[in-house]
Amino acid sequence: MSGSILPLAAVLTSAVAVVLIVASYRRPNIREGWSVLAALTQFGIVLSMLPGVLDGTVYEWSLQQSLGVEFLDGIDFVLRADLLGMLFALLASFLWIFTSFYATGYMRGLDEHDQTRFFAAFAASLSSAVGIAFAGNLVTIFVFYELLSLVTYPLVAHDGDREARIAGRKYIAYTFFGGGVILLAGTVMVYWLTSQTGTATTAFESGGIGALAEGAATDPTAAQITFYLLITGFAVKAAVMPLHSWLADAMVAPTPVSGLLHAVAVVKSGAFGIARVILEVYGPETIRDLPLSVPGIGEVGLNVPLAILAAFTLTAASIIALRKDHLKRRLAYSTTAQLSYIVLGLSMLHPYAILGALFHIPAHAFAKLTLFFCAGSVHVETHTDYISDMAGIGKRMPLTMSAFTIGAAGMAGMPLIAGFVSKFYMLLGAGYVGGEYWLFAAALLLSGVLNIAYFWPVVYTAFFESEDRHDAKPLLEFPAGGIRQFVGDELATDGGKRDEETELNSDGDSGAGAGADSDADSEADYEYAVDRYPSDADVPGGPGGSSAEDDVDSSVKTGTETAGTGHDHGHAGAHDDHHEHHGGPPADGWTRHSPLTESTWLMLGPIAVIATGAVVLGIIPGHAAFLDLATEIVTSVFDADSLEQLRGPLSAALEVSS
Amino acid sequence: MSSVDLLLPLLVAVPMLLSTVPIVLGLRFDRTGWSVAALTTTALVAATTTLASVVYTDGVVTHRLGGWSPAYGIELVLDEFSALIAVLVAVTAAGVLAYTRVGGPRGNTFYSGYLLLTGGLLGISVTGDVFNLFVFLEIVGLATYAMIASGDGPESAVAALKYLILGTVGASMYLIGVGLIFMATGTLNMGVLAEVLPAAVERDPTLVRAGFAFVFVGFSMKVAQWPLHTWQPDAYQHAPDGITPVIAALVSTAYAYAFGRLLYSVFGPEFLTSTPYLTELVVTVGCVSVVAGSALAVIQTDVKRMFAFSSVSQFGLIVAAYGLVTESAFIGATIHLVGHAVIKAGLFAAAGVIAASYDARTVDEYAGLADEHPLVAGMMALLLVSLIGIPPSAGFVGKWYIALGAVEAQLWPVAVVILFSTLLTLAYSARLLEKMYFTPATPLEAPHVSESVATDGGENEDDAETAAGADAANDGDAGTRGGTETAALDATATNRDRNTVSYGMLALVVATALLAISLGFAGGFLAGLLDPSFITEVFN
């Protein structure tokens, strides 16, 4: 352990960038320059600590030691770069570099309003995310966890329309419930539990806080409640069901936000927090020693309810994703499912499962960021948000959709892409434990199949269908359980009435759309209700489609005003032409573009890099730092010399440590 | 420590004596009040900080007025607990003057009242005598009634009258309580009372308990605990903008301090925990106030009124913390007293600035404020964030200790209320934040033309267009809000001429916001002021 200012510097870099961004609001190029510069600096600082951390050094900065200020009585404000923290910080700061380029392209491409606020809040989010990564005790992580909720709120509510405001309300209600109420309660409880057996502390220790283990021995019930409080507090951000619904609504945010924050930084901070709690607050051993006694079943490990919840979430979210026509919402449910992979892996407690879960943090990040970037790029270029409008879009955006395919394959856990490696280790872990853990393995495998089921249609429709000839999408367009329609005598048994059959189909189309509408809304507050519950059953041209259109319209109008900084007025004019066709192909079909001309390099570059990263992590994970970090974390938690020692059942793995 | 104790009577006497000066000078000069008040409060800041530094290095400072023995005479005491409040009073009183220089109520009589109020508040913080405390409660009360009544319009007079009646009832309750305790013990000095009360409880528990009941009800009224809070929203809402920060930050705080002083220095933890149902009652009153105050705050339309109900809820937190009778909870209550005072002073000052420059007083009128007044809106956002208790901020530190106290006392329902108070505070704070930052300044009263238009979701577009139109109008005349139904640009313009925002007003808002944030790092420091010296004395 060595005192060092580096962890603080990494956090402050983007905090300083916030000030600079706000100060240079009149010059967009300089402003975005600060973002890029801060991202590069932050990544550089984090990277500079990587070799040391891999060698076992812990860089620590403490408020008390450096300034003599005691944050709270008996609690220090500590930033320390340890193995687990590095994993998250490295990931977030690396991806921020490309996201800041992408965000520039995206926000300018759409002529969004309030870009200064956007970039400032974005930098602040990164500052908080790195703060979460480097937090050295529960109170410090709580501070940054709350700050992250706070600074991401402007990003979610960015559009400023009714839908965005409501999504924002939901977002802060959920996140502050998780943070300010539940997580704080858990932190206070840990402080109290440890104070009963010695000095009160909340500082993380690899393998679990010793004083907490003693406290847990004297008061197991309180320790169990505390465990679930902490887990619940973090699970809100990790979108574990039933606390997941903010995530899908938060998709109203601009796509860079959905990408970096709601697929990487924010949601992963939840998963990361769970990792801290399981590995460094309680430790696998203490968790094992605190079995719940469930009436009728007997003793169940403290981790099992969490694992069941995660397994349920990843299955249920995948099934929900099947029926989402809005691409970003489908991705959001996919995120919900993938985050539960991480939670499931961690809660299985076996070293290999934990290794898989930890590696899934970067693996999912790379793949999902690619997917979001692609969705955003499609939105900017063609204003298409709904999958059912994307038939044949592959020829308009070949590179984007190819990258999308790679990302989707990674989500499904195809070999050679990042997602495979992590899932492989998780399955190994489940196999080593055996017993009923096979169920979790089955859930993982099933979810892989479901992943293909909801991503393949996107790829298929983009590349193998054309705008004028494409099949119906039964899962999207038909009501659940099929069309309830009187078929009567019109249908001949000889199959002779093909025309009418297709008509029937299209009837079904509008029927589904109109049905969903009239169900939800009375005549008077028609629009509001739709806004509030944007129905995914909306068909193109229906309310959903046109409200998307309005968003763009208003953003252009206000955008041109606020962009009174001399930036891009001509472009806005050109933009209006774009608006002739929304959501779907233009009247004369998609124009064919080469990969180089399909969009601006500001967006294509990041997409290409991140997609490549996902492949690199899948092919040579051992050379990409993340797997090394994850391995080191697992071996240090279980106090083993190498991963090989940890093979075998969980009890044997825990023996290694003791 | 030689003669530093002589400063104690001066803390009280100087502002009260000098409060006559503005009136006297007013016979000859028009605008002397502010200067006199500024000089006095600056001197008081210097005096209180000097005294506080002595207290925190050398220990308690006491002064016997006229040299009488404490058993008969009045004793002034400044210990670790009261020094904090005395400094808070002096600094806030001096700081708010920066606001009133341009923005506040003017006139010499106002500043006379202001000095009287300051003297009374300092008196509450330094007195060591329960009857003397009543005198200062009345002085503060009278000064406050006058201050509130100095607002424009009949509502101010009504609010002041309401406060006068209820406040006097509260003070009388307290006086009855003091009388009963005097019957039981025969002394009025706090230090002596603390020694003889246990014996008195043995002798006649009913008398002491009845005395406590009256004291508790009296202070519940003064501190504005639900359901005895009804004077407070009116008083805060209708008081002149310049004086609300002082009243909101200091008056209730001083009362709450006095209540804590009586609970812990006079009755003592022993009495609190041994009397059946006493702590339960105090905690319940506090918790109910937390919930009721927040719920009522959420439904308010007027911003100042909303903050007033927020005070009900925040003081509920403090009263509940008093009732927990643990060391952490007491530290938390003290820190929250200070933190809340700073936050509320800033919030009311910000509301005043906004009312003066933007003519917005209701939540709906705050729409689009962030574009017009980025600085004030930003500072208000910081203050609201502190109030919610998002770290690092003053609000968080207080909440941490109070929550810790609740857990230590193992009163789980109370812990739940205290933790959920975050969400309750969030409910009304977020409402304001959302209005300021994410709601465009649209004419609210204007009928939506688009309502007649198709049901195909076309309304959004129209909305956006009107919004954009309003924005464009605003661009023409920055600082004019497109939202007033009068929409009379010239009227607003004259309004602006009349109510200019000075740098002093802005400085106060900025300073409180920064202080609220930096206090978030002072959790250990503030706790160190009380612990161990004061805490061990009280709890052992």
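The values are calculated or read from the model by the stated rules, or taken from the named source; none is laboratory data. Only a predicted model underlies this, so the values are computations on that prediction, with no experimental measurement involved. For neighbour counting, all protein chains shown are included, and Cβ atoms are generated from backbone atoms with ideal geometry for every residue, glycine included.
Residues considered: B:Ala381, B:Ala394. Of these, the only one that is touching a residue at least 12 places away in the same chain (Cβ under 8 Å), over 19 Å from B:Gly316 (Cα atoms) and within 21 Å of the chain's Cα centre (by Cα) is B:Ala381. Considering (1) surrounded by fewer than 22 Cβ atoms within 10 Å (Cβ to Cβ); (2) under 14 Å from the mean Cα position of the chain (by Cα), the lone condition that B:Thr206 does not fulfil carries the number (2). Taking the residues in the stretch B:312-333 that are within 14 Å of another protein chain (Cβ to nearest Cβ) and β-branched (Val, Ile, Thr) as candidates, determine which candidate is nearest to B:Phe396 (Cα to Cα). Looking at the filtered set, the residue picked out is B:Ile331. Of A:Tyr174, A:Tyr145, all but one fail to be over 23 Å from A:Thr201 (Cβ atoms), aromatic (Phe, Trp, Tyr) and in a helix (DSSP H, G or I); the exception is A:Tyr174. Tell me, yes or no, whether the stretch B:366-381 has at least one residue that is within 8 Å of chain A (Cβ to nearest Cβ), at pLDDT 85 or above and assigned to a helix (DSSP H, G or I). No: the stretch B:366-381 contains no residue that is within 8 Å of chain A (Cβ to nearest Cβ), at pLDDT 85 or above and assigned to a helix (DSSP H, G or I).
With respect to A:Pro220, is the statement that it is closer than 28 Å to A:Tyr333 by Cβ and not aliphatic (A, V, I, L, M) true? Quick ask: steps written out before the conclusion?
Details: closer than 28 Å to A:Tyr333 by Cβ: no; not aliphatic (A, V, I, L, M): yes.
Criteria not met by A:Pro220.
Across the stretch B:153-199, which residue is surrounded by the most Cβ atoms within 10 Å (Cβ to Cβ) among those that are of a type in the set (Gly, Ala, Ser) and not in a helix (DSSP H, G or I)?
Of all residues in the stretch B:153-199, those of a type in the set (Gly, Ala, Ser) come to B:153, B:156-157, B:159-160, B:167, B:170-172, B:177, B:179, B:184, B:186, B:191, B:194, B:199.
In the following step, the residues that additionally are not in a helix (DSSP H, G or I) were identified as B:153, B:186.
On the way: B:Gly153: 9, B:Gly186: 12.
Out of the qualifying residues, it is B:Gly186.
If A:Gly431 meets every condition in (1) over 24 Å from A:Val252 (Cβ atoms); (2) crowded, with 24+ Cβ neighbours inside 10 Å apart from one, which number is that one? Among (1) over 24 Å from A:Val252 (Cβ atoms); (2) crowded, with 24+ Cβ neighbours inside 10 Å, A:Gly431 violates only (2).
If you take the residues of the stretch B:1-20 that are free of Cβ contacts under 8 Å to residues at least 40 places away in the same chain and part of a helix (DSSP H, G or I), which of them is farthest from B:Val87 (Cα to Cα)?
We begin by selecting, within the stretch B:1-20, every residue free of Cβ contacts under 8 Å to residues at least 40 places away in the same chain; these are B:2-3, B:10, B:17.
Right, trim to part of a helix (DSSP H, G or I) and you get B:10, B:17.
On the way: B:Leu10: 14, B:Leu17: 20 Å.
Filtering the stretch B:1-20 for residues that are free of Cβ contacts under 8 Å to residues at least 40 places away in the same chain and part of a helix (DSSP H, G or I), the one farthest from B:Val87 (Cα to Cα) comes out as B:Leu17.
Considering each residue of the stretch B:40-48 in turn, none proves to be in contact (Cβ under 8 Å) with a residue 40 or more places away in the chain and over 23 Å from the mean Cα position of the chain (by Cα).
Report whether or not B:Leu404 is surrounded by 24 or more Cβ atoms within 10 Å (Cβ to Cβ), at the interface with chain A (Cβ under 8 Å from one of its Cβ atoms) and in contact with a Phe, Trp or Tyr (Cβ under 7 Å, 6 or more places away or on another chain). Let's see the steps before the verdict.
On the way: surrounded by 24 or more Cβ atoms within 10 Å (Cβ to Cβ): yes; at the interface with chain A (Cβ under 8 Å from one of its Cβ atoms): yes; in contact with a Phe, Trp or Tyr (Cβ under 7 Å, 6 or more places away or on another chain): yes.
When the stated conditions are applied, B:Leu404 passes them.
Somewhere in the stretch A:106-126, is a residue under 25 Å from A:Thr370 (Cα atoms), part of a helix (DSSP H, G or I) and touching a Gly at 6+ places or on another chain (Cβ under 7 Å)? Among the residues of the stretch A:106-126, at least one is under 25 Å from A:Thr370 (Cα atoms), part of a helix (DSSP H, G or I) and touching a Gly at 6+ places or on another chain (Cβ under 7 Å), which makes the answer yes.
Might you check whether a residue that is under 22 Å from A:Tyr454 (Cβ atoms) and either under 19 Å from the mean Cα position of the chain (by Cα) or among the acidic types (Asp, Glu) (or both) occurs anywhere in the stretch A:301-309?
Initially, the stretch A:301-309 is screened for residues under 22 Å from A:Tyr454 (Cβ atoms), giving A:309.
So of that shortlist, the ones also either under 19 Å from the mean Cα position of the chain (by Cα) or among the acidic types (Asp, Glu) (or both) come out as A:309.
Checked the stretch A:301-309: at least one residue is under 22 Å from A:Tyr454 (Cβ atoms) and either under 19 Å from the mean Cα position of the chain (by Cα) or among the acidic types (Asp, Glu) (or both).
Would it be correct to say that A:Gly448 is surrounded by fewer than 23 Cβ atoms within 10 Å (Cβ to Cβ), modelled with pLDDT of 85 or more and not hydrophobic (A, V, I, L, M, F, W, C)? Against the criterion (surrounded by fewer than 23 Cβ atoms within 10 Å (Cβ to Cβ), modelled with pLDDT of 85 or more and not hydrophobic (A, V, I, L, M, F, W, C)), A:Gly448 qualifies. Taking the stretch A:303-321 as the range and being free of Cβ contacts under 8 Å to residues at least 60 places away in the same chain and among the polar types (S, T, N, Q) as the test, only A:Asn303 passes.
Return the residue satisfying two criteria in turn: it lies in the stretch A:204-216 and is of a type outside the set (Asp, Glu) and part of a helix (DSSP H, G or I), and of such residues it is nearest to the other protein chains (Cβ to nearest Cβ). It would help to see each step written out before you state the result.
First, the residues of the stretch A:204-216 that are of a type outside the set (Asp, Glu): A:204, A:206-213, A:215-216.
Filter once more, keeping what is part of a helix (DSSP H, G or I): A:210-213, A:215-216.
Details: A:Gly210: 21, A:Ala211: 16, A:Leu212: 15, A:Ala213: 19, A:Gly215: 13, A:Ala216: 16 Å.
Restricting to residues being of a type outside the set (Asp, Glu) and part of a helix (DSSP H, G or I), the top hit is A:Gly215.
For the stretch B:92-100, the condition of being surrounded by fewer than 24 Cβ atoms within 10 Å (Cβ to Cβ), touching a strand residue (DSSP E or B) at 6+ places or on another chain (Cβ under 9 Å) and of a type in the set (Gly, Ala, Ser) holds for none of the residues.
Checking A:Leu91, A:Leu95, A:Leu138, A:Leu126 one by one, the residue that is surrounded by 24 or more Cβ atoms within 10 Å (Cβ to Cβ), at pLDDT 85 or above, under 30 Å from B:Arg431 (Cα atoms) and away from chain B (no Cβ under 13 Å) is A:Leu126 and no other.
Out of the stretch A:166-181, which residues are over 18 Å from A:Pro256 (Cα atoms) and at the interface with chain B (Cβ under 8 Å from one of its Cβ atoms)? Even if it seems obvious, please write down each step before you answer.
Filtering the stretch A:166-181 down to residues over 18 Å from A:Pro256 (Cα atoms) leaves A:166, A:169-170, A:172-181.
Within the stretch A:166-181, A:Arg169, A:Ile172, A:Ala173, A:Phe176, A:Phe177, A:Gly180, A:Val181 meet the criteria.
Picking from residues in the stretch A:208-227 that are touching a residue at least 40 places away in the same chain (Cβ under 8 Å) and not hydrophobic (A, V, I, L, M, F, W, C), the one that is surrounded by the most Cβ atoms within 10 Å (Cβ to Cβ) is A:Thr226.
Among the residues in the stretch A:579-597, are any within 14 Å of another protein chain (Cβ to nearest Cβ), at pLDDT below 50 and out of contact with any strand residue (DSSP E or B) (no Cβ under 9 Å at 6 or more places or on another chain)? Yes, there is a match, as at least one residue in the stretch A:579-597 is within 14 Å of another protein chain (Cβ to nearest Cβ), at pLDDT below 50 and out of contact with any strand residue (DSSP E or B) (no Cβ under 9 Å at 6 or more places or on another chain). Any residue in the stretch B:300-317 that is without any contact (Cβ under 8 Å) to a residue 60 or more places away in the chain, farther than 24 Å from B:Leu117 by Cβ and not in a helix (DSSP H, G or I)? No, that holds for no residue. Name every residue in the stretch B:419-437 that is buried (at least 21 other Cβ atoms within 10 Å of the Cβ), within 8 Å of another protein chain (Cβ to nearest Cβ) and within 24 Å of B:Gly332 (Cα to Cα), in order of residue number. Listed by number, the residues that qualify are B:Leu419, B:Thr422, B:Leu426. Which one is surrounded by the fewest Cβ atoms within 10 Å (Cβ to Cβ), of the residues in the stretch A:179-203 that are in a helix (DSSP H, G or I) and at pLDDT below 85? That would be A:Gln196. For the stretch A:621-658, enumerate the residues that are crowded, with 16+ Cβ neighbours inside 10 Å, aliphatic (A, V, I, L, M) and in a helix (DSSP H, G or I). Answer for the stretch A:621-658, where residues must be crowded, with 16+ Cβ neighbours inside 10 Å, aliphatic (A, V, I, L, M) and in a helix (DSSP H, G or I): A:Leu627, A:Leu629, A:Ala630, A:Ile633, A:Val634, A:Val637, A:Leu643, A:Leu646, A:Leu650, A:Ala653, A:Leu654. Of all residues in the stretch B:214-250, those that are among the β-branched types (Val, Ile, Thr) and surrounded by fewer than 24 Cβ atoms within 10 Å (Cβ to Cβ) total 2. Among the residues of the stretch A:24-81, those identified as part of a loop (DSSP other than H, G, I, E, B) and within 14 Å of another protein chain (Cβ to nearest Cβ) are A:Tyr25, A:Arg26, A:Gly68, A:Val69, A:Glu70, A:Phe71, A:Asp73, A:Gly74, A:Asp76, A:Phe77.
Quick check: is even one residue across the stretch A:192-203 within 14 Å of chain B (Cβ to nearest Cβ), touching a residue at least 24 places away in the same chain (Cβ under 8 Å), in contact with an Asp or Glu (Cβ under 9 Å, 6 or more places away or on another chain) and closer than 23 Å to B:Leu387 by Cβ? So far as the stretch A:192-203 goes, no, none of its residues is within 14 Å of chain B (Cβ to nearest Cβ), touching a residue at least 24 places away in the same chain (Cβ under 8 Å), in contact with an Asp or Glu (Cβ under 9 Å, 6 or more places away or on another chain) and closer than 23 Å to B:Leu387 by Cβ.
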